[in-house]
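So the structure is just underneath, and the comments pick up after that.
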Amino acid sequence: MNGSLKHTINDKVATITFHHPKANALPGTLLAKLAIAIQAVDDNKDVSVIVIRSEGGGTFCAGASFDELLSLTNETEGKVFFQGFAQVINAMRKSPKIILARIQGKTIGGGVGLVSSADYAFATEAAAIKLSELAIGIGPFVIEPAVTRKIGISSFSALALNPTIWKDAQWAMNAGLYHDLSTSIDEMDQKIDAFATNLSNYNPEALLAIKQTLWKNTENWDELLSSRAEISGRLALSPQTQRALKKFKST
């Protein structure tokens, strides 16, 4: 129930694939593995591009693990759990490699933060998004800087304040979260292969300079996301949130 992660390298492209039986949710152990996998590629001079994807043809990522949220017993545990999302976002931010996201289906909560932290995102028309955190008594505090950086505060508000409403893939494309939309997974994969191959043949120093430019003015995110994790960890323990989580889990 901790999920799994695979890591392969082929022709200067590293592919990191995560899986969890519950709609590719992200428990703490899987978040830690994902951050470590990204960091492991950073010093590999034979890699120019990282592709992050999940297994299956359905949901890309269901966000935080409700089972783990329900198991929290104190604020320290809560902060540690949400710090897992912070560590993944910061690993993606600090990586010298260009990171592509492959989104085959619906994406919720922390999964939207994961997509927002990629440098370029490919999606299918089935890749609707939702920030459901407010509906369970917390908020998308840890991922907010990444999401707002990508789509702006107005579009973030449209997501965060409508936690039960799905925004379709075209909305996400128009907002700037996605960079390319495909009608099928096969079409998307062909585009990703071609795009990653082209990138991997460019000057590594130029790619690094582009990466640094894309992430300018984010140097304080280690401290910022840690403080946001503390807020989320505290709210996750509230009676209202625990009741909402149990209700969501039973539906």
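The values are calculated or read from the model by the stated rules, or taken from the named source; none is laboratory data. All of these numbers come straight from a predicted model, not from anything done at the bench. Heads up, the Cβs are rebuilt from the backbone with ideal geometry, glycines too, and the neighbour counts pull from every protein chain shown. To get the accessible areas, we keep the full protein, side chains included, count just its heavy atoms, and leave off ligands, DNA and RNA. Shrake-Rupley method; radii C 1.70, N 1.55, O 1.52, S 1.80 Å.
Below are the figures for this structure:
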item: So Ser182, is it touching a residue at least 12 places away in the same chain (Cβ under 8 Å), more than 24 Å from Glu55 (Cβ to Cβ) and buried (at least 19 other Cβ atoms within 10 Å of the Cβ); result: no
item: Condition broken by Ser226, with the remaining ones in (1) assigned to a helix (DSSP H, G or I); (2) open to solvent by less than 70 Å² (accessible area, probe 1.4 Å); (3) of a type outside the set (A, V, I, L, M, F, W, C); (4) within 30 Å of Gly58 (Cα to Cα) satisfied; result: (4)
item: Residue ID - least open to solvent (accessible area, probe 1.4 Å), chosen from residues in the stretch 151-177 that are among the polar types (S, T, N, Q) and either in contact with a helix residue (DSSP H, G or I) (Cβ under 6 Å, 6 or more places away or on another chain) or in a helix (DSSP H, G or I) (or both); result: Ser155
item: Residues that are small (Gly, Ala, Ser) and within 23 Å of Trp221 (Cβ to Cβ), drawn from the stretch 105-138; result: Gly109, Gly110, Gly111, Gly113, Ser116, Ser117, Ala118, Ala121
item: Condition broken by Ile138, with the remaining ones in (1) at pLDDT 95 or above; (2) crowded, with 18+ Cβ neighbours inside 10 Å satisfied; result: (1)
item: Number of positions in the stretch 190-210 that are open to solvent by 40 Å² or more (accessible area, probe 1.4 Å), in a helix (DSSP H, G or I), touching a Lys or Arg at 6+ places or on another chain (Cβ under 9 Å) and not aliphatic (A, V, I, L, M); result: 2
item: Tally, over the stretch 61-89, of residues that are open to solvent by 10 Å² or more (accessible area, probe 1.4 Å), farther than 22 Å from Lys247 by Cα and within 15 Å of the chain's Cα centre (by Cα); result: 3
item: Any hit, the stretch 199-215, residues being within 30 Å of Asn74 (Cα to Cα), without any contact (Cβ under 8 Å) to a residue 12 or more places away in the chain and among the hydroxyl-bearing types (Ser, Thr, Tyr); result: no
